[in-house]
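In what follows, a single structure is set out as structure tokens and then discussed.
Every number in this text was worked out from the coordinates using simple rules, so none of it is lab data. Because the structure is predicted, anything quoted here is derived from the model rather than measured. Here the Cβ is made from the backbone with ideal geometry for all residues, glycine too, and neighbour counts use every protein chain on show.
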Amino acid sequence: MEPIRKDELEAKDCGSQAPKSKPCPRPKPGEAAGGCSFDGAQITLLPIMDAAHLVHGPIACAGNSWESRGTLTSGPSLSQYGFATDMSDNDIIFGGEKKLKDSIDYIAGRFAPPAIFVYSTCVTALIGEDMDAVCKEAAGRLGIPVIPVNSPGFVGSKNLGNRLAGEALLQYVIGTGEPEDDTKLGVNLIGEYNIAGEMWDIEKLMNSAGITLMSRITGDARYKEITWAHRAKVNMVVCSRALLGLAKEMESKYNIPYFEGSFYGAKETTYSLRQMAFLMNDREMERRVDRLTEREESRVIQDLRPYRKILKGKRAVLYTGGVKSWSIISALKELGIQVVGVGTNKSTDDDIARIAERVGDDTEFIPEGGASRILKTVRDRKADIMIAGGRNMYVAMKEQIPFIDINQERHRAYAGYEGLLRLAKEMTYSLANPIWKLASSPAPWDKEVPYDR
Amino acid sequence: MTVNKRIKPASVNPLKIGQSLGGVLALQGCYRALPIIHGPQGCSAFPKALLTRHFREPIAVQTSALQEMDVIFDANRNLEEALNTVLTKHRPDIIGIIGTELMDVAGVDYQSMLKSYKRERNLRGGLAFSVTLPDFSGSLESGFSGTVEAMVDELIQQAGHRNQRSVNSRQITLLPGSFLTPGDVMEIKEMISAFGFEVITVPDISTSLSGHLLTGFSPLTRGGVPLDSMLQSLQSGLTIAIGGSMERPARRLHNAIGTPYKVFQGAMGLKASDDLLHFLHQISGEPVPLRYCWHRENLLDSMLDAHFQFAGMSVIAALEPDHLYSVSQWLDELGVEQKALITSCETPVVSGMEREVWVGDLDDAEVLGNGADLWISSSHGLAGAERIGAAFMPAGFPVWNELGAYMSTSVGYRGAMEWTNKAGNLLIRREAVRRESSVRHR
């Protein structure tokens, strides 16, 4: 496969029913779905496992959201603590800066984290708390980085929050540290959050190819490793639109080339690994990657055979909103599954172009409309399985449609060659479960067979 | 006795859930209802995700999707747009507008906006009300009861023109507290109707969040008490409120239309169940159905069987105020030591308790409960329980690491038996694990 950077693609060339250009739209009151920027910022930063994450605001922003993400840790777990300043009405009237300062001191004193991230919320942003100043003062006094993340919920969508978190990393973290002398320079993974342990599968692959993983941004990361991210030779943006800006900035600031890739599906995984080696400019590494990917691909084809037999020709509707749409499609195609509908509500034109590249002409694009619209597509196109985020899981269950959870709350890792196999298994089990037949058949007394005397 | 608080600036591992989530939960118990959270998107997305995770059901909730500029210029424009969209597309019977703390801080007057909107659009046949539930005070429980109170208010106003109220003394309005699961509400309904009463439950999550097989997606709630039953409930001869927090809506009904009310602060354990059944027996004049006499004996027998297990054990419970009161009463009957009782906010019920109660978070639970054998709290407490080596019993909200938690029953004799056995089993397993590891290390 020739490594290229796919920046510009014309959707109309693909001859699909791709929707028209659509810039980041304002959420529609009464029909909006999805989280806020605060949520997005936390998604990006919470996987920094050894740091403390303090939410400055009334309780609900932290209280309703902590421990709700499937990002796993291999060691420190401080980021799984929920810290909040829990502002009361008095704090709002008289200002909460003192409370924030005390909270930072308290956390630093008791837990001694390598860094503290402080998140603003709508209320603290509105009453004009000077968080940056408090953080700066505390950082100077305590001698640890205290990083303000200005991403209150009302500035926009979850994606914007991801981006703002990326900017905070760029402004306060990246470039503040240096790797140990004997560290081999390598690749940063940007936008991989170690959901269900996917990072570990990827890490294993990279290790066997001899590619050093420098900084994980941010799945299962330690604060320290992000500080030296600027020394990496290559940045890989793992199917994340929102952190593309971070990679672009690092390219112009530190001269690190980047590429976008994904680990969903054998082909995409192979492409990503090859692209890494190619950009590292290391012949020997490229040869190692070739050997590894060949071996792994042939193994996975072998292992997939029984599942492919069952899955071939099955029809799926995919509704993941974000960028994952296009990367999952490749994985599904390798399993022989036909994607008959795909959600594009949160995708950019670029994503849509990539989706169009990967699906057939008869695939329906679902631009908006939420759950009812997805269900209509499932029925109209006679889909066998629905692949979407956890929020829609019980909608599918009510309609008795087999379902695979693909978003950040999920419990299965689908990345890499192993992940593809896991996805195939998961789908086979889901389709084969007896419940679909049981749930759709009526109780014996409801069957309309009159009792014959 | 006393309500204490540990002095620390930040909340660590919060126990408190925002009030607005309680409001959303209350509206899930009404048929064809839709809560609209007046605030940024996240204020509805988080409760939706959390409620979905706990109940394993789709949750109906919408938002006015405020952004920075909307808050600064005119937040009510968004609310109007949301109302227009929702009314034309989904035609809900009940709309509850839940004002977030941001609206309080920004000083948005959505109450009058709703009033004039209703007048202009001539909204009839439906119920639309607003309730202010800022997250900087109260907790899930107060959000729930506050929403029920606002709903009852609106009901009374809507029915107000018809002055002559015919009282149906065989009909009881049940106001279940926020800590009751759909299974609990079902059990209490059964108990009341076993004495020949008609029960109208407001709100009734037992018919909406208990798991049903209705197909056909709707963004509105798919079960719960319908609006006409709610209007009919104004003719009830009596209101029964479960949980101290539900006294306010019950009193509201009493003050406005004169319905007498009875509050049961707890519903868990032998005595609480005795009280409820005895009361029902007295007001109905019917004998206590045989099955409850059986359940009572079953419970006492199971407590006899289990009492060996509870000897010398200590428990820590971190729950919402009413729930904590209920659970503490049950723990009293088991004879275990209550090492620390922790709740999310102070209410008259907890300050009236005979035991010492702490207002705090799950980190306080870890510190105060160090050395406890059993830990009772929401799933957030799992990590803390592991750290102090206590057996973990999920209860309250949210519970995500156990299937069917939303249907587990804690009220009545059967509920107390279920909980007694569950807690006892956890202690047995813990003991076995400990024994094993001590043998291995010898």
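Data overview
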quantity: Neighbouring partner chain Cβ atoms per residue of A:63-72, average, 10 Å criterion; calculated: 6
quantity: Overall form of chain B per C-alpha gyration tensor (a/c, 1.5; a/b vs b/c); calculated: oblate
quantity: Cα-centred dipole magnitude for chain B, charges only on beta-carbon of K, R (+1) and D, E (-1), debye, nearest 20; calculated: 620
quantity: Computed label-point distance, nm, for sites B:Val3 and B:Asn421 using a 7 Å Cα→Cβ extension; calculated: 3.7
quantity: Other protein chain Cβ atoms within 10 Å, averaged over every residue that makes up B:60-68; calculated: 6
quantity: Gap separating the Cα centres of segment A:240-312 and segment B:65-81, nearest whole Å; calculated: 44
quantity: Sites B:Ala383 and B:Asp274 - FRET efficiency at Förster radius 56 Å, r taken between beta-carbons, to 0.05; calculated: 0.90
quantity: Rounded to the nearest 20 debye, dipole of the protein assembly as shown from Cβ charges on Lys, Arg, Asp, Glu; calculated: 1960
quantity: Span from the segment A:168-230 Cα centroid across to the segment B:123-153 one, whole angstrom; calculated: 47
quantity: Which of A:Met131, A:Asn90, A:Gly109, positive extreme of dipole for segment A:80-137 (C-beta unit charges); calculated: A:Gly109
quantity: Distance (nanometres) between label positions extended 7 Å along Cα→Cβ at B:Glu402 and A:Ser440; calculated: 3.5
quantity: Mean-position separation - Cα centroids, segment B:21-42 and segment A:114-167, in angstrom; calculated: 29
quantity: Chain A, helix-only ellipticity at 222 nm - DSSP H runs n ≥ 4, -39,500 (n - 2.57), divided by all residues, nearest 500; calculated: -13000 deg cm²/dmol
quantity: Bridge type composition, segment A:64-220 - antiparallel percent by DSSP, nearest 5; calculated: 10
quantity: Computed over chain A: relative contact order in percent, which uses C-alpha pairs under 8 Å that are six or more apart; calculated: 16
quantity: Summed side-chain charge close to B:Ile240 - residues other than B:Ile240 whose Cβ falls under 12 Å, Lys, Arg +1, Asp, Glu -1; calculated: 0
quantity: Amide hydrogen neighbours beyond the local backbone of A:Ala115, cut-off 5 Å, H modeled; calculated: A:Ala52
quantity: Long-range HN-HN contacts of B:Phe197 with modeled amide H, under 5 Å; calculated: none
quantity: With Cα atoms, 0 to 90° folded angle of helix B:182-193 axis to chain B main axis; calculated: 80
quantity: Gyration tensor verdict on segment A:140-193 (Cα atoms; rounded if a/c is under 1.5, prolate if a/b is larger than b/c, oblate otherwise); calculated: oblate
quantity: Folded to 0 to 90 degrees: helix B:75-89 orientation relative to chain B principal axis, Cα; calculated: 90
quantity: Of A:Lys267/A:Lys398; A:Lys98/B:Lys48; B:Lys16/B:Lys262, those spanning more than 30 Å from alpha-carbon to alpha-carbon; calculated: A:Lys267/A:Lys398; A:Lys98/B:Lys48
quantity: Average other protein chain Cβ within 10 Å of Cβ, residues A:373-380; calculated: 1
quantity: Value at 222 nm in deg cm²/dmol, rounded to 500, when DSSP H runs of n ≥ 4 in chain B each add -39,500 (n - 2.57); calculated: -15000 deg cm²/dmol
quantity: Rough spin-label spacing in nm, given labels placed 7 Å along Cα→Cβ, for B:Glu356 and B:His281; calculated: 3.9
quantity: Cα-centred dipole magnitude for segment A:158-272, charges only on beta-carbon of K, R (+1) and D, E (-1), debye, nearest 20; calculated: 260
quantity: Cα gyration tensor category, rounded, prolate or oblate, for segment A:290-359 with a/c compared to 1.5; calculated: oblate
quantity: The protein assembly as shown - share of DSSP beta bridges that are antiparallel (%, nearest 5); calculated: 5
quantity: Helix axis angle, B:321-334 relative to chain B longest principal axis, alpha carbon, degrees; calculated: 30
